[in-house]
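Beneath this line is the structure, given in structure tokens, with notes to follow.
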Amino acid sequence: YLQETAAEILKALCGRQFDITERGSSGIGEAVARELARCGARVVLATRNAVRGEEAAWRIRRVRAGGGNPEVLFMPLDLSSLRSVHAFAAAFLQQEPNLHLLINNAGEQHMSAGGTTEDGFSLPFQVNHLGHFLLTQLLLQRLQSSAPSRVLIVASSAHQAGRLCMAKLGQPPPGPFAAFQDYCNSKLANVLHARQLAARLQGTGVTAYAVHPGFVHTQLFRHTPLWLQPLWTPLSRFCFRSAAEGARTVLFCATQDGLQPFSGCYFADCRPLQPCAQGRDDAAARELWERSERLLGLQPSLCTPVE
């Protein structure tokens, strides 16, 4: 599909504005930011840990040949706090006049105890879906005024195991494997979010894509139970992709020309793939959108899907 070399893909990035969310301060987000910065893009790296975020921004600023790229910034953002999301969006909109690409990359998977946020939602579902949904809505006008622009939502093949109970959206699911199910549910929400966002933004110059980076060895699994770590850590290093390898499809969807007809699609290995049946359910995507708005206290969106 639409083959180009990486150098050709990235030629037009100089001077364009990107915002990348990252739950930690390393991993896929930093790998993507590094490649964008290498080509002269202005990049805002948004993460919850200020010290690590500044360190990551400093590392990335140094990658460009000929003196580095000073246009790599850190801004604090904790998606487990809706107050933090609102504060970040307000600061970003005051500081940055343009936004050409929003990469919703932050991820949370509790493989141990699970948990809830200060806002009363399950931690994985808020970090992986509700926080990104809110951030995207708050930055949507800036994306539209900067069009052509794109929204990337980093999903996962784990969406295939997702089972959304709309009446209990944002609540931890029951059962012995609740933490894993919660993660799968949030990844299904990512796929449906991208699908509905694309439908609502037809004709605006803003496109949206759900992206599966593959199984990547990152800090996403930092909550692996201690008893499992001796087995899990070496296994993940040998069997999972590196962060740089996981960044490839994200970079493809961020920069590849000609992807407009694929807005709303699910991508893996740099090509569009068909998600599972529940990931293609437009009625569920609409209901998820409307219920997410209500949970977050947002006014119903003015944009509606084009039938």
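Which of the residues belonging to region 92-107 are assigned to a helix (DSSP H, G or I) and loosely packed, with under 15 Cβ neighbours inside 10 Å?
LEU93, GLN94, GLN95
Filter region 157-172 down to the residues that are farther than 21 Å from PHE267 by Cα and in contact with a strand residue (DSSP E or B) (Cβ under 8 Å, 6 or more places away or on another chain), then identify the one that is modelled with the lowest pLDDT.
So the residue we want is PRO172.
Output the number of residues of region 255-288 satisfying the condition of being modelled with pLDDT of 95 or more and in a helix (DSSP H, G or I).
Number of matching residues: 14.
Consider TRP58 against the criteria (1) under 21 Å from the mean Cα position of the chain (by Cα); (2) at pLDDT 80 or above; (3) open to solvent by 10 Å² or more (accessible area, probe 1.4 Å): it satisfies all of them except one. Which criterion is unmet?
Here TRP58 meets the rest and fails (1).
Take region 62-74 and flag every residue that is surrounded by fewer than 20 Cβ atoms within 10 Å (Cβ to Cβ) and closer than 23 Å to LEU93 by Cβ.
Residues satisfying the conditions are PRO70, GLU71, LEU73.
Going residue by residue through region 81-94, is there one that turns out to be at pLDDT below 95 and not aliphatic (A, V, I, L, M)?
No, region 81-94 contains no residue that is at pLDDT below 95 and not aliphatic (A, V, I, L, M).
Mind telling me which of the residues GLN141, GLN160 ends up being over 21 Å from LEU188 (Cβ atoms), part of a helix (DSSP H, G or I) and more than 12 Å from the chain's Cα centre (by Cα)?
Matching residue, one of GLN141, GLN160: GLN141.
Exactly one condition in (1) of a type in the set (A, V, I, L, M, F, W, C); (2) crowded, with 18+ Cβ neighbours inside 10 Å; (3) farther than 22 Å from ARG16 by Cβ is false for ALA87; which is it?
Exception for ALA87: condition (2).
Select from region 122-140 the residues that are in contact with a helix residue (DSSP H, G or I) (Cβ under 6 Å, 6 or more places away or on another chain) and within 19 Å of ALA179 (Cα to Cα) and list them in ascending order.
Hits for region 122-140 are SER122, PRO124, PHE125, ASN128, HIS129, GLY131.
In the set GLY40, GLY53, which member is assigned to a helix (DSSP H, G or I), open to solvent by less than 70 Å² (accessible area, probe 1.4 Å) and among the small types (Gly, Ala, Ser)?
Every option except GLY53 fails the conditions.
Quickly run through region 194-220 and pick out the residues that are polar (S, T, N, Q), modelled with pLDDT of 95 or more and assigned to a loop (DSSP other than H, G, I, E, B).
Once the filter is applied, which keeps residues that are polar (S, T, N, Q), modelled with pLDDT of 95 or more and assigned to a loop (DSSP other than H, G, I, E, B), region 194-220 yields GLN202, THR204.
Counting just the residues of region 166-175 that are free of Cβ contacts under 8 Å to residues at least 12 places away in the same chain and in a loop (DSSP other than H, G, I, E, B), which one comes out most open to solvent (accessible area, probe 1.4 Å)?
So the residue we want is PRO174.
If you go through region 1-34, how many residues are at pLDDT 85 or above and within 17 Å of ARG150 (Cα to Cα)?
So the answer is 2.
Confirm whether LEU231 is modelled with pLDDT of 75 or more, assigned to a helix (DSSP H, G or I) and of a type in the set (A, V, I, L, M).
So LEU231 does not fit the description; no.
Go through region 116-146 and give me each residue that's open to solvent by less than 40 Å² (accessible area, probe 1.4 Å) and among the small types (Gly, Ala, Ser).
If the condition is that a residue be open to solvent by less than 40 Å² (accessible area, probe 1.4 Å) and among the small types (Gly, Ala, Ser), then SER122, GLY131, SER146 are the ones that fit.
The values are calculated or read from the model by the stated rules, or taken from the named source; none is laboratory data. Being a predicted model, the structure only gives us computed values, none of them experimental. All Cβ positions, glycine included, derive from the backbone under ideal geometry; neighbour counts span all protein chains shown. Each accessible area value is taken on the protein alone, full model and side chains, heavy atoms only, with ligands, DNA and RNA left out. Shrake-Rupley method; radii C 1.70, N 1.55, O 1.52, S 1.80 Å.
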